[in-house]
Amino acid sequence: MDPAVLKTLQNAIDAMGIGSEEGANCLRNLRPDSKEFTDLISVLERETGLSYDDAKAKLIEWQSLQENLEAMIQQEKQKTKILGARPIWRCGVCGAADKPWIACYVAPFIVRYEKVPMGGD
């Protein structure tokens, strides 16, 4: 996705105080006819110069990427159990984290993997 759109989305999410996993889930599930969705489109229009239709398409695209992220998180949990290595996450917009959890849900990606103890007490 366009970095300017992601940065604008991140600023809006931060301003709304919903930069958590719960907030990301809330945004991912917003319906296009909801007030919150329309408000985010307005922010994207104003801050990026996108048309209403383009801003709406970008927000829907981001929601789709968030759906894919949820599936990826589940796959990574299974890989951690099987392979004994967990992902280290970073945000592609703000650079937050390098932690074994997602600190910023705007544009997370895996930087590397680190070994974790297998089995045992």
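Scanning the range 60-91 for residues that are farther than 17 Å from residue 27 by Cα, open to solvent by less than 80 Å² (accessible area, probe 1.4 Å) and assigned to a helix (DSSP H, G or I) returns 72, 73, 76, 80. Within the range 92-107, how many residues turn out to be free of Cβ contacts under 8 Å to residues at least 24 places away in the same chain and either within 14 Å of residue 2 (Cα to Cα) or not aliphatic (A, V, I, L, M) (or both)? Qualifying residue count for the region: 5. The single condition from (1) assigned to a helix (DSSP H, G or I); (2) within 15 Å of residue 1 (Cβ to Cβ) that residue 39 fails is (2). For the range 29-45, the set of residues classified as open to solvent by 40 Å² or more (accessible area, probe 1.4 Å) and under 22 Å from residue 103 (Cβ atoms) consists of 29 only. For the range 100-121, residues that are of a type in the set (Ser, Thr, Tyr), part of a strand (DSSP E or B) and within 15 Å of the chain's Cα centre (by Cα) total 0. Give the residues of the range 18-27 that are open to solvent by 50 Å² or more (accessible area, probe 1.4 Å) and either at positive phi or out of contact with any Phe, Trp or Tyr (no Cβ under 7 Å at 6 or more places or on another chain) (or both), sorted by residue number. If the condition is that a residue be open to solvent by 50 Å² or more (accessible area, probe 1.4 Å) and either at positive phi or out of contact with any Phe, Trp or Tyr (no Cβ under 7 Å at 6 or more places or on another chain) (or both), then 20, 22, 26 are the ones that fit. In the condition set (1) in contact (Cβ under 8 Å) with a residue 12 or more places away in the chain; (2) in a loop (DSSP other than H, G, I, E, B), residue 55 is compliant with all but (2).
Just one of the listed residues (55, 71, 24, 97) is of a type in the set (A, V, I, L, M, F, W, C) and more than 15 Å from the chain's Cα centre (by Cα), and it is 55. For the residues 15, 57, 97, the requirement of being touching a Pro at 6+ places or on another chain (Cβ under 9 Å) and either modelled with pLDDT of 90 or more or open to solvent by 30 Å² or more (accessible area, probe 1.4 Å) (or both) singles out 97.
The values are calculated or read from the model by the stated rules, or taken from the named source; none is laboratory data. Predicted, not measured: the structure shown is a model, and the values here were computed from it. Virtual Cβ from ideal backbone geometry, glycine too; neighbours counted across all protein chains shown. Calculation scope for accessible area: heavy atoms of the full protein, side chains included, ligands and nucleic acids excluded. Shrake-Rupley method; radii C 1.70, N 1.55, O 1.52, S 1.80 Å.
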